[in-house]
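Every number here is computed from the coordinates shown, using simple stated rules; none is lab data. Only a predicted model underlies this, so the values are computations on that prediction, with no experimental measurement involved.
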Amino acid sequence: MTDSVNDLLRAEVSQTEQEVRSFRAKRAWKRRKEQAKETVLTPAVAYIRASLLKRNAQKERIEAYAQKNGLKIIRFYEDVITSRMQQCSRMLEDAANGDFAVILCLDLSRFGRFDTFRYNIMKR
């Protein structure tokens, strides 16, 4: 009879240990969730230069990248391919003012004549 009592006690202790582990895991998960809320995202802007038909695709890819990498897009600068890149110029002025830390762009060809912009940025 003492063996069966010991087996019951062991089973209860084992169940209690599992409940404690489960409680600790839940508490740790809640703590991580709260810390994630408190994480400060790096301010970024996105530059899109495309035809009207391709803009949404670029936006979606850039937004996905930003979310994955802890960036918060605070503004989109959008130029149509045929435009004079007025939004790009405005973005570079805002960058010089320190309004954001990162520029997101699908690829550098979106900047068009990037050498001109690089020269202007290096001059500042």
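A few comments on the model shown:
- Additional length obtainable on full extension of the chain from Lys26 to Arg10, 0.36 nm per residue less Cα span: 3.3 nm
- Here's how it looks for Ala50: its modeled amide H is under 5 Å from those of Asp79, Ile81, which are all 5 or more places away or on a different chain.
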